[in-house]
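Below is one structure, written out as structure tokens; the observations come after it.
The values are calculated or read from the model by the stated rules, or taken from the named source; none is laboratory data. On a predicted model such as this, the values are computed, not experimentally measured, just so you know. As a convention, Cβ positions derive from the backbone with ideal geometry for all residues, glycine included, and neighbour counts pool all protein chains shown. Accessible surface areas use protein heavy atoms only, side chains included; no ligands, DNA or RNA. Shrake-Rupley method; radii C 1.70, N 1.55, O 1.52, S 1.80 Å.
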Amino acid sequence: MNMEFERKLAIPMEVKERFPVTARMAAVVEKRAAELAAIFTGADDRIVLIIGPCSADREDAMLDYLAHLRPVADKVSDKVLIVPRIYTNKPRTSGDGYKGILHQPDPTGRPDLYKGIITTRSLHMQAVRDFGFSCADEMLYPENHKYLDDLLAYVAVGARSVEDQQHRLTASGIEVPVGMKNPTSGDLSIMMNAIHTAQHKHSFIYRGWAAHSQGNPLAHAILRGYTNKQGHAMPNYHYEDLRRVYDLYQESDLKNPALIVDTNHANSGKDPFEQPRIAREVLNCRRDSDDLKGLVKGLMIESYLVDGSQPVGGTCYGQSITDACLGWEKTERLIYDIADAL
């Protein structure tokens, strides 16, 4: 095998024993899980706002962002449940580039996966302990979910992972909402098949164990736009697109029909400043249709402390080193605008 094995990493149980969740933290996670479940099952008519950096590239800036977000989340809590994005691994289309804090706790240093596992858990623990936020993360590696499963409020399966069997099967054993993005091709049948798989029981191999999942009734759709055959970004957040997802749910036997709209990525052509306009259009669609009001449960927004992006190694504190994000001032205004629109 043309591969070097550097060191054996700690298993999730060992990491959890070293960095345990306290009873107070567990209560926060449990309460927020119940709130999210109520929204996705239709018992609570608030919307979910999954918001934060494209990638959590440094611990101090991420925690600073959460400190900014906490008082705003409290002010809009009657209409919006805010779930911060702490995305600790970054999928790469070509395999090149910064792969997230899990790989490189220091974005300019060499990969250190052991330290990355510790940093990732520490960051999510601090979010719960210090700010009362259980957060969202992307499940890039299904076998790593157990390092964080006692801390997360929400799990996203990305456009490049949604067709993978192990992602779908692992999602079927997760107890919090799991969002399945449409693939980069835009084929909605792939997304719907992923939701169907995640909502049903399965037996499969997981981390060397024979695992038996019970199905996740909170698995749901995320629209994030797509890329056409000419390589152009194509949106799928318009009324007709949302209606198409509603119709696909009506044709299925899926539980708790739900949709989150990702306002960045191909929906914005990776222009983060288009996100407020897209959010407004989606909220207008909900207002214009009771069907869509019941289906569209929230928005996903890429936001950080400073507008835009910079190269890895850049010196602007709180600016993304991956996809460009909306800065804090525009983010705060957008959150209040969303609450007012509801």
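Quick one: which of Ser161, Ser134, Ser122 is closer than 29 Å to Asp187 by Cβ and either in contact (Cβ under 8 Å) with a residue 24 or more places away in the chain or surrounded by 15 or more Cβ atoms within 10 Å (Cβ to Cβ) (or both)?
Ser161
Condition first: in contact (Cβ under 8 Å) with a residue 24 or more places away in the chain and either touching a helix residue (DSSP H, G or I) at 6+ places or on another chain (Cβ under 7 Å) or not in a helix (DSSP H, G or I) (or both). Now tell me which residues in the range 20-40 satisfy that.
Listed by number, the residues that qualify are Val21, Thr22, Met25, Val28, Val29.
So which pairs qualify, if the first residue must be in the range 234-257 and more than 16 Å from Lys297 (Cβ to Cβ) and open to solvent by 40 Å² or more (accessible area, probe 1.4 Å), the second must be part of a loop (DSSP other than H, G, I, E, B) and at pLDDT below 95, the Cβ gap must be under 7 Å, and the two must be at least 6 apart or on different chains?
Partner pairs satisfying both residue conditions: Met234/Asn228.
Quick check on the range 100-120. Is at least one of its residues in a loop (DSSP other than H, G, I, E, B) and aromatic (Phe, Trp, Tyr)?
No: zero hits.
Output the number of the condition that Asp78 fails; it satisfies all remaining conditions of (1) within 25 Å of Gln319 (Cβ to Cβ); (2) in contact (Cβ under 8 Å) with a residue 24 or more places away in the chain; (3) acidic (Asp, Glu); (4) open to solvent by 30 Å² or more (accessible area, probe 1.4 Å).
Evaluating Asp78 over (1) within 25 Å of Gln319 (Cβ to Cβ); (2) in contact (Cβ under 8 Å) with a residue 24 or more places away in the chain; (3) acidic (Asp, Glu); (4) open to solvent by 30 Å² or more (accessible area, probe 1.4 Å) leaves (1) as the failure.
Regarding the range 5-16, can at least one residue be identified that is of a type in the set (Asp, Glu), modelled with pLDDT of 95 or more and open to solvent by 100 Å² or more (accessible area, probe 1.4 Å)?
So far as the range 5-16 goes, no, none of its residues is of a type in the set (Asp, Glu), modelled with pLDDT of 95 or more and open to solvent by 100 Å² or more (accessible area, probe 1.4 Å).
Does Ile205 qualify as being among the aliphatic types (A, V, I, L, M) and under 25 Å from Gly298 (Cβ atoms)?
So Ile205 does not fit the description; no.
Restricting the range 81-119 to residues that are more than 15 Å from the chain's Cα centre (by Cα) and polar (S, T, N, Q), which is most open to solvent (accessible area, probe 1.4 Å)?
Thr93
Conditions first: (1) in a loop (DSSP other than H, G, I, E, B); (2) surrounded by fewer than 22 Cβ atoms within 10 Å (Cβ to Cβ); (3) among the charged types (D, E, K, R). Asp57 passes all but one, so which condition is the exception?
Unmet condition: (2).
Just a yes or no: is a residue in the range 213-220 modelled with pLDDT of 95 or more and over 23 Å from Gly173 (Cα atoms)?
Among the residues of the range 213-220, not one is modelled with pLDDT of 95 or more and over 23 Å from Gly173 (Cα atoms), which makes the answer no.
Just to be sure before I move on: is Arg58 touching a Pro at 6+ places or on another chain (Cβ under 9 Å), more than 20 Å from Lys31 (Cβ to Cβ) and not aliphatic (A, V, I, L, M) in the structure I sent?
For Arg58, the condition - touching a Pro at 6+ places or on another chain (Cβ under 9 Å), more than 20 Å from Lys31 (Cβ to Cβ) and not aliphatic (A, V, I, L, M) - is met.
Looking only at residues that are more than 18 Å from the chain's Cα centre (by Cα) and within 15 Å of Arg224 (Cα to Cα) in the range 279-322, which one is surrounded by the fewest Cβ atoms within 10 Å (Cβ to Cβ)?
If we take residues in the range 279-322 being more than 18 Å from the chain's Cα centre (by Cα) and within 15 Å of Arg224 (Cα to Cα), then Glu281 is surrounded by the fewest Cβ atoms within 10 Å (Cβ to Cβ).
State yes or no: is Leu69 closer than 13 Å to Cys135 by Cα and either in a helix (DSSP H, G or I) or touching a Phe, Trp or Tyr at 6+ places or on another chain (Cβ under 6 Å) (or both)?
yes
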